[in-house]
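The structure appears right after this line, and notes come after that.
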Amino acid sequence: MRTQDNKISAIFQLAGNRYWTASLLPALLGTTLPFWLNPPDFKFRLLEGILFLIVIFFGHVGFSLLFSGFSKRINTKLKKKLLFILGIFSLTASVLIGLYINSSLQLHANVPSYIFIIYGITAIFVGVLYVVPPFNFYQHLYGEVIISVGLGMLPVLGAYLVQVGDITRTVYLASLPVVVSTGLWVWLTELINKPDDEKFGYKTTVMYFNYKFSCRFITLSLTALIYISLVVAVFGRSSLNPLSLIALFSIIFAVMIIKIIWKDYENLRVLQNARKYAFLIHLSICIVIIAASLSSYFNM
């Protein structure tokens, strides 16, 4: 029984359970964003919203399992064949549910009928670029950009499209704080993984700079950009409810990150604490924006 439990636990871990919030919270954000933007003829679609969250979940799980199967860095007693089977099964489930959503999609006039299909193909392409050989962008320059957009922006756009039947530049702007906070989370993870990545011959963006510069100045720049993008999203085209600025309280976590990268950037154990603070920033921003958007509905 314990062996079986360990096997299930290992599958959940390789399926990326620690990072599920990185895609599910942005999807939930995109689902609630129409309550603030209030586009013409908007009617909340509960079933489609839930189904899209399931699509994102299975997509995330599928690519995480494929990543675990392809990556040489991951040591596991589970057979690679099992990981590939489970990964393909999850992605197939995601695609099939997505096709069902597409069949019931209510689009605005002049919006191409195939827009959700294009969206789905784009999402799959991003996942393939990051995970599947010979692309393997998780090993290369700009892989951080691909995963930040894939987890931070695409779920927001897709969820909004399902609810509204259209995507505007306003929605892209609204997703930026999530994209950058995802980027900070990914960046700190790669700083921690740098010694192991070097052993396997990876050449991530972190390695193109002096390690001290990567730790201090790029981390500092990403941290500042999170809050700049949040303010811009609120005051630029009113993409986000002004109540979203409550998320500025997460600057407390940002200060803790800056303290760590300035004093203990060479201590990988301490850097793990910085990554936890990056997760809390991402979590705070998503939850506050979701709550702010929902508050627009209750104040109508």
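Derivation of every value follows stated rules applied to the coordinates shown; laboratory data play no part. Predicted model only: the values in this text are computed from it and were never measured. Glycine also receives a Cβ, built like all others from the backbone with ideal geometry; neighbour counts cover every protein chain displayed.
See the values below:
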quantity	calculated
Where labels lie 7 Å past Cα in the beta-carbon direction, separation of residue 8 and residue 92 in nm	2.3 nm
Ordering of 49-59, 205-215 by burial proxy (mean other Cβ atoms within 10 Å per residue, highest first)	49-59, 205-215
Whole-number D in µm²/s for segment 32-146 (Stokes-Einstein; Kirkwood sum over Cα pairs; 10 °C, 1.306 mPa s)	99 µm²/s
Reachable lysines from residue 199, criterion Cα separation under 28 angstrom, eight or more residues apart if same chain	7, 72, 77, 79, 80, 81, 212, 263, 276
Segment 2-298: relative contact order as a whole-number percent, Cα under 8 Å and 6+ apart	23 percent
Extreme residue, positive dipole direction of the chain, given options 57, 106, 17 (C-beta unit charges)	17
Segment 1-106, relative contact order in percent, only Cα pairs under 8 angstrom and at least six apart counted	32 percent
Proxy reagent accessibility, fewest Cβ within 10 Å first, across 76, 92, 219, 189	92, 76, 189, 219
All-pairs alpha carbon distance profile, segment 185-300, 5 Å steps from 0, percent	2, 11, 20, 19, 15, 11, 9, 7, 3, 2, 0, 0
Between segment 219-261 and segment 127-192, the Cα center-to-center distance that results, in Å	18 Å
Kirkwood hydrodynamic radius of the chain, from inverse mean 1/r over distinct Cα pairs, in Å	20.0 Å
Stretchable slack from residue 77 to residue 270, in nm (0.36 nm times residue separation minus alpha-carbon distance)	66.6 nm
Chymotrypsin sites (Phe, Trp or Tyr not before Pro) within segment 89-190: DSSP coil, no more than 16 neighbouring Cβ in 10 Å	114, 135, 142
The chain: DSSP helices with Cα axial extent of at least 27 Å and average Kyte-Doolittle hydropathy no lower than -1.0	46-70, 80-103, 169-199, 268-298
Among 99, 46, 154, residue whose mean-square fluctuation peaks in a GNM of the chain (springs only between Cα atoms under 10 Å)	46
Burial order of peptide ranges 25-31, 281-287, 240-246 (average beta-carbon count within 10 Å, highest first)	25-31, 281-287, 240-246
Whole-number percent relative contact order across segment 63-139, with pairs defined as alpha carbons under 8 Å at least 6 apart	34 percent
